[in-house]
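Report on the following structure.
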Amino acid sequence: MSESNGISRRRNAGDQDLGLYFLEACKGRETKEKEKEEEEEEEETPRELNTINSSGGFVVVSTDKLSVKYTSVNLHGHDVGVIQANKPAPTKRLIYYFEIHVKDAGVKGQIAIGFTCETFKMRRQPGWEANSCGYHGDDGLLYRGHGKGEAFGPTYTSGDVVGAGINYASQEFFFTKNGQVVGSVYNDMKGPLFPTIAVHSQNEEVHVNFGQKPFTFDLKEFEAQERMKQQLKIEEISVPPNVSYGIVRSYLLHYGYEDTLNSFDVASKSTVPPIYIAQESGIDEQEIMYALNHRKTLRQLIRNGDIDVAFGKLREWYPQIVEDNTSATCFLLHCQKFIELVRVGALEEAVKYGRIELSSFYDLPVFKDLVQDCVALLAYERPLESSVGYLLKESQREVVADTVNAMILSTNPNMKESKHCLQSYLERLLRQLTACCLERRSLNGEQGEAFQLQRVLNSGRRG
């Protein structure tokens, strides 16, 4: 076997792997998004008080399990009427928060609000025992794990609304009174934390709001402020203009956006002072400059649904990419042709095309799921609204265009590593950012909002 043939075969094997990468990117994409949404929605939240695990001998709980009243006469520190929520505070969010309305401060106003662990002694005030924290109404002190309080905020009494929350971004407890933040303190407690309230003198009565009605405290505004703090921290990081411009420019080059690239270059040179991309930036533009005009043309054809013309151009310019009609790249192009026929209502032609071009892929496990999804489009009067409607979205065209783009880049004899064809420098940086955020969340015991890059980018635009 000649050296050139050996190189060619290895390159073809690598090219097919690239096609398989993008095949995985589009297979089950919609399902994964739904699973992520369901996972976030499934987290249980406190909805009522736990009447089973409480110091029930001293309190009476209302039938709706949202109010509690101290009916005894307290004699010592173990006569506390303590009650937890029926579920621990959810952790997969930015902030958790609940409130109490002090209906009656009773004889001494020894009411407390806070968080306790699952094994907390239910005849002690929150904050008096380890793994508990409580803000007390009679003295305004904050108690954290022992009987000695620390100066914290004002006292509270009948008619006041007091809240307690967990800020997972800053790993802090915070407390409010009548809609205003009283203060915050570091959360050093481990494990599930239960919203907890306590009453400790005759006729003390409080009503709990777990979110079943609007809070007195503006929680949405507080969350917005917290996100803005995070955004400002990001913006404090100084990035030289030539570096950021170089990253954006490499993205446009990688995906063949030639017209946008030209406009971008003109704009960067018209700034004061002009911005020039340093050669030592670490970005190898020679690799991604390759076949720029061809890649631009093919992307436009695929985005417009002109799959036959795109096939023709590939056969003319890069026949090695489409010579194997069973490759993942050819498969994605054939699927897109089928999808475009369904899009314009040419169902009979789609059926005929599917029998000729897609049937041979059906028995291959790696292709079977996507073939089934494509064929399923024929079963719906309004396929865009169906479970396989993701195939008719513009994002599916982009996946196919990205596949062809990567395959063309892989034919560059100067390309050092084929994996560089898959993603731009910008995307590699964003993947690293995602990995760092996930690692940070892991170090916090998986507490806090699940990282979603799109939400971060949207918050940046709003900022």
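Counting Lys and Arg as +1 and Asp and Glu as -1 over every other residue whose Cβ lies under 11 Å from the Cβ of ASN50, the net charge comes to +1. If R0 equals 25 Å, the separation of the Cβ atoms of THR63 and GLU43 corresponds to a calculated FRET efficiency of about 0.40. A simple charge model with +1 on the Cβ of Lys and Arg, -1 on the Cβ of Asp and Glu and nothing else charged puts the dipole of the chain at about 400 debye relative to its Cα centre. Each 10 Å bin from zero up to the one holding the largest Cα-Cα distance in the chain carries the following percent of pairs: 4, 16, 20, 16, 14, 13, 11, 6, 1, 0. Between the Cα long axis of helix 425-443 and the first principal axis of the chain there is an angle of about 30°, rounded to the nearest 10.
The calculated FRET efficiency for SER360 paired with GLU385, based on their beta-carbon distance and R0 = 22 Å, is about 0.15.
Could you order GLU348, GLU439, GLU316, GLU340 by accessible surface area, starting with the largest, using a probe radius of 1.4 Å?
Reading off the accessible areas and sorting them downward yields GLU348, GLU316, GLU439, GLU340.
With 27 Å as the limit, write out which pairs from LYS233/LYS269; LYS313/LYS419; LYS177/LYS213; LYS148/LYS177 have Cα-Cα distances beyond it, or answer none. Flagged as over cut-off: LYS233/LYS269.
Within the shell defined by Cβ-Cβ distances under 9 Å, the residues around SER170 carry a net charge of -1, with Lys and Arg each +1 and Asp and Glu each -1.
Each residue of segment 166-171 is assigned a 3J(HN,Hα), and the resulting list reads 10, 9, 6, 5, 9, 6 Hz, derived from the Karplus form 6.51 cos²θ - 1.76 cosθ + 1.60 (θ = phi - 60°), x at Gly and Pro.
When the GluC sites (Glu not before Pro) in segment 189-255 are filtered for DSSP coil states and for at most 11 other beta-carbon atoms within 10 Å of their beta-carbon, the remaining sites are GLU236.
Using the Karplus relation 6.51 cos²θ - 1.76 cosθ + 1.60 with θ = phi - 60°, the per-residue 3J(HN,Hα) values for segment 302-311 come to 5, 5, 8, x, 8, 6, 4, 5, 4, 4 Hz, with x marking Gly and Pro.
For the chain, the 222 nm mean residue ellipticity estimated from helices alone, with every DSSP H stretch of n ≥ 4 adding -39500 (n - 2.57) and the total spread over all residues, rounds to -13000 deg cm²/dmol.
The values are calculated or read from the model by the stated rules, or taken from the named source; none is laboratory data. No experiment lies behind these values; they were computed from the predicted model shown. FYI the Cβ positions are ideal-geometry reconstructions off the backbone, even for glycines, and counts take in every protein chain you see. All accessible areas refer to the heavy atoms of the entire protein, side chains included, with ligands and DNA or RNA removed. Shrake-Rupley method; radii C 1.70, N 1.55, O 1.52, S 1.80 Å.
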